[in-house]
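Quick notes on the structure that follows.
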Amino acid sequence: MTWGLDVTADDAAEQLTTFHDAGGTLIDTADVYQDGHAEEILGDLLTHHIPRDEIILATKAAARRKPGPFGGGASRGALLAALDESLHRLGTDHIDLWQLQAWDPSVPLDETLAALDTAVTTGRVRYTGIANYTGWQTATAAAHQNHHPTRTPLISTQVEYSLLERGIEREVVPATAHHGLGILAWAPLGRGVLTGKYRNATPPDSRGATTHLAGYVDHHRTERAARIVQALLTAAEGLNTTPAHVALAWVRDRPGITAPILGARTTPQLKTALTTEDLTLPPAIRAALDDISAPQHTYPETQ
């Protein structure tokens with residue numbers, strides 16, 4: 001998300017090489033990140049650093065890029081034009097996972113999803129998914145695609161999910177389980193808050209200290225978050241690891257989660273996060289974290 005902004009092209013190359021060498025396969029971006037510059041950086045790296053066929057390449061479209069009738073959105077024309085532009089920037093002839101980044105209430109759903117069918121049947125996309133859809137939107141879109149065998153089914157949704165943001169458990173997770181979608185969890189570290197580095201102040205070299213991402217981080221700097229971070233610190237101390245490792249392991253092992261999406265700012269951060277695979281949370285610690293971060297479930301979800 002911040003390639004070309006907080007992460008330079010050289011740093012991005014180092015991160016991608018590190019990720020690939022560790023066995024990583026899925027790289028996720030979007031056409032709106034730095035107005036396409038993030039895709040351009042990634043496309044250059046897949047041309048000159050990492051073999052394209054060793055990466056599952058995911059990108060997103062349907063977010064409005066600029067005002068006016070030609071500024072994006074989820075119409076057939078806007079989506080297919082955005083796809084061609086992404087393919088050009090990424091330097092490839094196909095996207096492995098193409099995701100609708102936002103629901104567009106101004107466009108009939110049938111038109112939006114028909115664009116996904118066209119993208120797959122023309123060979124420009126292998127699989128399709130959605131991102132940031134509510135529960136009813138997820139179920140409606142998935143059911144629409146599953147209704148007829150000629151339509152391409154949705155295989156995934158990408159949503160924010162962490163110990164600080166568990167809202168998807170009310171409706172999105174049941175919808176994905178029913179319709180067979182995998183979940184890619186963005187911001188699994190609570191936008192950085194679950195690392196514990198924002199407990200007492202804002203580190204000057206952090207994303208929370210930047211003008212463009214301060215609000216993004218501050219969204220989760222609450223009293224509730226402070227209690228959850230303290231519980232993470234206690235758990236991490238008992239396991240001789242870091243709060244970030246505990247938070248990532250918790251998300252990784254939740255029902256329906258395919259993988260957490262890492263958005264590391266530096267290569268050392270990425271390397272540290274990747275070692276989470278070696279951590280298994282004891283049931284007692286998992287239960288304690290579940291309890292302190294539990295979302296409120298009431299009628300009708302409790303039926």
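For residues in segment 77-106 being farther than 13 Å from residue 119 by Cβ and outside any helix (DSSP H, G or I), which is farthest from the chain's Cα centre (by Cα)?
106
Mind listing whichever residues of segment 275-303 are surrounded by 18 or more Cβ atoms within 10 Å (Cβ to Cβ) and of a type in the set (A, V, I, L, M)? Outline the logic, then answer.
Keep residues of segment 275-303 that are surrounded by 18 or more Cβ atoms within 10 Å (Cβ to Cβ), which gives 276, 281, 285, 289, 293.
The answer is 281, 285, 289.
Within segment 148-164, identify whether any single residue is surrounded by fewer than 19 Cβ atoms within 10 Å (Cβ to Cβ) and of a type in the set (Lys, Arg), and answer yes or no.
yes
Yes or no: residue 241 part of a loop (DSSP other than H, G, I, E, B), modelled with pLDDT of 95 or more and among the β-branched types (Val, Ile, Thr)?
Yes; evaluated as a whole, the condition is true for this residue.
Would you tally the residues in segment 253-272 being touching a residue at least 40 places away in the same chain (Cβ under 8 Å) and part of a helix (DSSP H, G or I)?
Residues flagged as touching a residue at least 40 places away in the same chain (Cβ under 8 Å) and part of a helix (DSSP H, G or I) within segment 253-272 amount to 3.
Sort out which residues of segment 8-35 are of a type in the set (Asp, Glu) and either more than 28 Å from residue 277 (Cβ to Cβ) or free of Cβ contacts under 8 Å to residues at least 24 places away in the same chain (or both), and write them in order of number.
Scanning segment 8-35 gives 10, 21, 31, 35.
With the condition kept exactly as written, say whether any residue in segment 117-127 is out of contact with any His (no Cβ under 7 Å at 6 or more places or on another chain), in contact (Cβ under 8 Å) with a residue 12 or more places away in the chain, crowded, with 16+ Cβ neighbours inside 10 Å and within 25 Å of residue 187 (Cα to Cα).
Yes, segment 117-127 has at least one match.
Under the condition of being farther than 19 Å from residue 267 by Cβ and part of a loop (DSSP other than H, G, I, E, B), which residue from segment 41-64 is farthest from the chain's Cα centre (by Cα)?
Filtering first and then ranking leaves 51.
Among the listed residues 114, 82, 58, which satisfies the condition of being over 26 Å from residue 18 (Cβ atoms), of a type in the set (Gly, Ala, Ser) and buried (at least 20 other Cβ atoms within 10 Å of the Cβ)?
Only one candidate passes the filter, namely 82.
Quick one: would you say residue 38 is small (Gly, Ala, Ser) and either touching a residue at least 60 places away in the same chain (Cβ under 8 Å) or in a strand (DSSP E or B) (or both)?
Working: small (Gly, Ala, Ser): yes; either touching a residue at least 60 places away in the same chain (Cβ under 8 Å) or in a strand (DSSP E or B) (or both): no.
So residue 38 does not fit the description; no.
Filter segment 107-141 for residues that are part of a strand (DSSP E or B) and either basic (Lys, Arg) or out of contact with any Leu (no Cβ under 6 Å at 6 or more places or on another chain) (or both); which is farthest from residue 34 (Cα to Cα)?
Ranking the candidates gives 126 first.
Taking only segment 9-47 into account, find how many residues are surrounded by fewer than 18 Cβ atoms within 10 Å (Cβ to Cβ), closer than 24 Å to residue 82 by Cα and out of contact with any strand residue (DSSP E or B) (no Cβ under 9 Å at 6 or more places or on another chain).
The qualifying residues number 3.
For segment 58-115, name all the residues that are more than 20 Å from residue 135 (Cα to Cα) and polar (S, T, N, Q).
59, 75, 86, 92
The values are calculated or read from the model by the stated rules, or taken from the named source; none is laboratory data. The model shown is predicted, which means the values in this text are computed figures rather than measured ones. Cβ: placed from backbone, ideal geometry, glycine included. Neighbour counts: every protein chain shown.
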